Amino acid sequence: MSIVIFGDSFTFPEGFASTNRVYGYAKGLRENGVNVRVVCFRNDYREVSDSEVNQIPYYHPFGQAVRSKSFIRRRFLKFKKYFRTVALLKEIDREDKISEMLVYTMLFSTHLFAWYLSRIYRFKILKECSEHPLGQYQRNFFKKTEGWLKMKTEMYLSDSIFCISRYLIDFYVNQGFPDKRLFLVPSTVDPSRFSQGGEPPYTFKYIGYFGGLTFTRDNVDALIRAFAIIHNNFPDLKLVFGGFYTENEKYQFDQLVSDLNISSSVIVLNSLKRDEIIRFIVHSHILVMVRSRDLESKASFPSKLTEYMATGKPVITVNVGEISDYLVDNVNSFIVEAGNHKELAQKISFVIGNYDFALKVAEKGKELTYTTFNYSIQAKRVVEFLREL
């Protein structure tokens, strides 16, 4: 059995949530006797296009290190990427017959191309679904129609769909996709990545948040406002953020921090590599997961939450989507309602004031990363499912 993970919704080997999910699939499947190759179909400019990480071969068919000044040449290179991918798949298939391709993309053109490849090389298409398929198509009637047609066509062009939540399983069943070809793969994590974090990055204690830094979907303004409430009670405590934001989001972020007069206690890290960010996660005093309550949150499950739990540090999370299906307040995590920054402030104060108890709760949460959320255990389930597909 040989599986190719293919798409443009992730970077590889460095990246964030989507990269971590791809890496979890690849490493877990390899440990369960499956040969895995990762083909990143993005138009990224990279010094090294093809290489290997932890015995996982990966390829970037675009294969360009520098952006050409010529508009025509840039378009030609993007077109050429498709032919290079066909040749690459031919080589992989000849070396080790491809049985399935796991497709991770939000673009219909990429999914269609993957289906075309499956017709050439005779493998099954597995669609990875970690987001609501209609989430980006809610603006008006025409966008909703476009999203619905895209979703229906991709369903028809898929042999199976891997969903990150039960919500998505039920959604596709209601859309007419056969239940026996749907498979639940919850958020996964490799706990060994968080067993050692090196030297602490700071001498002071800090609350850590590592993920998107938006006020809309990620709702980080709730964490900022909560920290402002408790700031004077814990003057030595800092708030550390790690993630990306646009220039407009940066202005919004900086403005709120300034307005609340907590600029001296808030740190935003520059772009860090996948392994570097782990040091900041592991040495956090408390880790907080915030997110808005919206359609995307109902359908997805935040990968950063399972990563937080793997550290064994106290984790405070908002209750969105299916989080409460796995976690219980004061048992294996600390849970607050989404958007309620006052309740979040109270919970942070409680954890600080009862830190020994909080560590015992965190240990219970960490146990789930060796069972329910463990990448290798979930990969074993995937292998068993594919044998019956």
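Among the residues of region 184-205, which ones are surrounded by fewer than 20 Cβ atoms within 10 Å (Cβ to Cβ) and over 16 Å from the mean Cα position of the chain (by Cα)?
Residues satisfying the conditions are 192, 195, 196, 197, 198, 199, 200, 201, 202, 203, 204, 205.
Go through region 95-145 and give me each residue that's among the small types (Gly, Ala, Ser) and in contact with a strand residue (DSSP E or B) (Cβ under 9 Å, 6 or more places away or on another chain).
Across region 95-145, the qualifying residues are 99, 114, 118, 130.
Given 297, 271, which one is closer than 28 Å to residue 136 by Cα, within 17 Å of the chain's Cα centre (by Cα) and surrounded by 15 or more Cβ atoms within 10 Å (Cβ to Cβ)?
Just a single option satisfies the conditions, and that option is 297.
Tell me which residues, restricted to region 236-251, are in a loop (DSSP other than H, G, I, E, B), touching a residue at least 12 places away in the same chain (Cβ under 8 Å) and out of contact with any Ser or Thr (no Cβ under 8 Å at 6 or more places or on another chain).
Matches in region 236-251: 236, 243.
Quick one: which helices (runs of 4 or more DSSP H) lie wholly within region 100-208 and hold at least 2 residues that are hydrophobic (A, V, I, L, M, F, W, C) and in contact with a helix residue (DSSP H, G or I) (Cβ under 6 Å, 6 or more places away or on another chain)?
108-121, 166-174
State all residues of region 336-389 that are in contact with a Gly (Cβ under 6 Å, 6 or more places away or on another chain), within 16 Å of residue 318 (Cα to Cα) and among the polar types (S, T, N, Q); if no residue qualifies, say none.
none
Only one residue in 245, 251, 308 is of a type in the set (Ser, Thr, Tyr), loosely packed, with under 15 Cβ neighbours inside 10 Å and closer than 30 Å to residue 132 by Cα. Which one?
Checking each option against the conditions leaves just 251.
Looking only at residues that are in contact with a Gly (Cβ under 7 Å, 6 or more places away or on another chain) and basic (Lys, Arg) in region 289-335, which one is modelled with the highest pLDDT?
304
Just checking, does region 258-266 include any residue being out of contact with any helix residue (DSSP H, G or I) (no Cβ under 7 Å at 6 or more places or on another chain) and at pLDDT below 95?
no
Which of the residues belonging to region 130-149 are in contact (Cβ under 8 Å) with a residue 40 or more places away in the chain and surrounded by 19 or more Cβ atoms within 10 Å (Cβ to Cβ)?
If the condition is that a residue be in contact (Cβ under 8 Å) with a residue 40 or more places away in the chain and surrounded by 19 or more Cβ atoms within 10 Å (Cβ to Cβ), then 130, 132 are the ones that fit.
From 165, 158, grab the single residue that is assigned by TED's automatic domain parsing to the domain that holds residue 28, out of contact with any strand residue (DSSP E or B) (no Cβ under 6 Å at 6 or more places or on another chain), closer than 22 Å to residue 379 by Cβ and surrounded by 20 or more Cβ atoms within 10 Å (Cβ to Cβ).
Within the list 165, 158, the selection yields 165.
Among the residues of region 58-65, is there at least one that is exposed (fewer than 14 other Cβ atoms within 10 Å of the Cβ), in a loop (DSSP other than H, G, I, E, B), assigned by TED's automatic domain parsing to the domain that holds residue 128 and out of contact with any helix residue (DSSP H, G or I) (no Cβ under 9 Å at 6 or more places or on another chain)?
Checking region 58-65: at least one residue is exposed (fewer than 14 other Cβ atoms within 10 Å of the Cβ), in a loop (DSSP other than H, G, I, E, B), assigned by TED's automatic domain parsing to the domain that holds residue 128 and out of contact with any helix residue (DSSP H, G or I) (no Cβ under 9 Å at 6 or more places or on another chain).
Is there any pair linking a residue in region 92-108 that is closer than 18 Å to residue 23 by Cα to one that is surrounded by fewer than 22 Cβ atoms within 10 Å (Cβ to Cβ) and basic (Lys, Arg), with Cβ under 8 Å and at least six apart or on different chains, and which?
100/124; 101/124
Kindly evaluate residue 44 against the criterion of being surrounded by fewer than 16 Cβ atoms within 10 Å (Cβ to Cβ), closer than 18 Å to residue 113 by Cβ and assigned by TED's automatic domain parsing to the domain that holds residue 63.
yes
Only one of 100, 128, 95 is among the acidic types (Asp, Glu) and within 30 Å of residue 294 (Cα to Cα). Can you tell me which?
128
Between residues in region 167-181 that are under 15 Å from residue 301 (Cα atoms) and residues that are among the aliphatic types (A, V, I, L, M) and outside any loop (DSSP other than H, G, I, E, B), which pairs lie under 7 Å by C-beta distance while being six or more apart or on different chains?
Close Cβ pairs satisfying both conditions: 167/299; 168/299; 169/182; 169/184.
Go through the residues of region 69-87 one by one and say whether even a single one is out of contact with any Pro (no Cβ under 6 Å at 6 or more places or on another chain), in the same structural domain as residue 160 (by TED's automatic domain parsing), under 30 Å from residue 386 (Cα atoms) and among the aromatic types (Phe, Trp, Tyr).
Scanning region 69-87 turns up at least one residue that is out of contact with any Pro (no Cβ under 6 Å at 6 or more places or on another chain), in the same structural domain as residue 160 (by TED's automatic domain parsing), under 30 Å from residue 386 (Cα atoms) and among the aromatic types (Phe, Trp, Tyr).
Being among the β-branched types (Val, Ile, Thr) and under 22 Å from residue 164 (Cβ atoms) is the filter here, so list the residues in region 112-140 that pass it.
125
List the number of the failed condition for residue 34; all other conditions in (1) in contact with a Ser or Thr (Cβ under 6 Å, 6 or more places away or on another chain); (2) of a type in the set (A, V, I, L, M, F, W, C); (3) crowded, with 17+ Cβ neighbours inside 10 Å hold.
Every condition holds for residue 34 apart from (1).
The values are calculated or read from the model by the stated rules, or taken from the named source; none is laboratory data. Being a predicted model, the structure only gives us computed values, none of them experimental. Ideal geometry is used to build each Cβ from the backbone, glycine not excepted, and the neighbour counts take in all protein chains shown.
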